[in-house]
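The values are calculated or read from the model by the stated rules, or taken from the named source; none is laboratory data. Keep in mind that this is a model prediction, so the values were computed, not measured. All Cβ positions, even for glycine, are placed from backbone atoms using ideal geometry, and neighbour counts span all protein chains on display.
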Amino acid sequence: MHQRRTAQDSAAFLLAHLRPGQALLDLGCGPGSITLDLAARVAPGPVLGVDASATVIETARAAAAERADCTTRFAVGDLYALDLPDDSFDIVFAHQVLQHLTDPVAALREMARVIRPGGLIAVRDADFATFSWYPAHDGLTRWLALYREVCHANGAQPDAGRRLPAWARAAGLTDVQVSTSTWSYHDPSERTAWAHGWAHRVTESALGDRARELDLADSDELAAIADAWHDWAREPDGWFAMIHGELIARIG
């Protein structure tokens, strides 16, 4: 699911600010699809993608090789304590990252540390309270409630999108631009990919494991939620939409 993401559908609010030669850091880069798109726009500027998962970094490196991109680098790192000097980058980008953190304000401060004067922090996060779908389905209602329960138990914030300006202010960022954008799914192929991705995450990822660990759901309920996603994908009139918060902060 993450490998389908592009700079156009996930970072459109940033694209007008990109210039050839800029140094760009993508935090929480995942499998690298967005990173590599951004790299093409700032080439020949250096680009580094950082993620906490060694496995996903290997996936990103493989994606770079497939695109014959020999310059974009990927590394495992801790976004609270980046192994990078001050004033290293012109752009720091983080997509769907702050919502998973226990201290997003500290992460924003660390981003600001590695930005050169005049550079930009660009963050985008979903706001799960805005998720909407058709037709109604009790299984999807339970899915959203369960996801929120797991996030809160982890000390994370699923409704991150609306909190970006508050977090930026708490981090001492003052020159900010705020926007919103949406993802929506109705096309049958996109609807199927979205539903199958969530069905997989519910049953075969850390989300399901954590739900079982916390006794929030058992395997039978998780399987029923996955089935609900498949049911929704087969609906000819199926529709899903979500709002994202977006924020660009210029570092003085």
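Results, tabulated for the structure shown:
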read-out: So Arg169, is it surrounded by 15 or more Cβ atoms within 10 Å (Cβ to Cβ), assigned to a helix (DSSP H, G or I) and charged (D, E, K, R); value: no
read-out: So Leu48, is it free of Cβ contacts under 8 Å to residues at least 60 places away in the same chain, within 24 Å of Thr174 (Cβ to Cβ) and buried (at least 21 other Cβ atoms within 10 Å of the Cβ); value: no
read-out: Pairs with Cβ under 7 Å, 6+ apart, first in the range 73-90 and free of Cβ contacts under 8 Å to residues at least 12 places away in the same chain, second of a type outside the set (Val, Ile, Thr); value: Asp83/Gly77
read-out: Residue that is nearest to Leu108 (Cα to Cα), among those in the range 167-202 that are modelled with pLDDT of 95 or more and among the β-branched types (Val, Ile, Thr); value: Val176
read-out: Single unsatisfied condition, Tyr147 versus (1) outside any strand (DSSP E or B); (2) hydroxyl-bearing (Ser, Thr, Tyr); (3) within 17 Å of Ala94 (Cβ to Cβ); value: (3)
read-out: Qualifying positions in the range 204-217 - modelled with pLDDT under 95 and either small (Gly, Ala, Ser) or part of a strand (DSSP E or B) (or both); value: Ser205, Ala206
read-out: Odd one out for Arg124 among (1) under 19 Å from Pro31 (Cβ atoms); (2) assigned to a helix (DSSP H, G or I); (3) among the charged types (D, E, K, R); value: (2)
read-out: Top-ranked residue of the range 180-203 - restricted to ones that are assigned to a strand (DSSP E or B) and in contact with a His (Cβ under 9 Å, 6 or more places away or on another chain), ranked as surrounded by the fewest Cβ atoms within 10 Å (Cβ to Cβ); value: Thr182
read-out: Any pair with Cβ under 6 angstrom, 6 or more apart, that starts in the range 180-196 at a residue that is touching a residue at least 60 places away in the same chain (Cβ under 8 Å) and within 25 Å of Leu247 (Cβ to Cβ) and ends at one that is among the hydroxyl-bearing types (Ser, Thr, Tyr) and assigned to a loop (DSSP other than H, G, I, E, B); value: none
read-out: Residue identified as surrounded by fewer than 18 Cβ atoms within 10 Å (Cβ to Cβ), of a type in the set (S, T, N, Q) and closer than 19 Å to Arg116 by Cβ among Ser53, Ser88; value: Ser88
read-out: Only one of Ala206, Ala233, Ala249, Ala223 that is crowded, with 17+ Cβ neighbours inside 10 Å and either of a type in the set (D, E, K, R) or more than 30 Å from Leu173 (Cα to Cα) (or both); value: Ala233
read-out: All positions within the range 2-28 that are assigned to a loop (DSSP other than H, G, I, E, B) and at pLDDT 95 or above; value: Ala11, Ala16, His17, Leu18, Arg19, Pro20, Gly21, Gln22, Ala23, Gly28
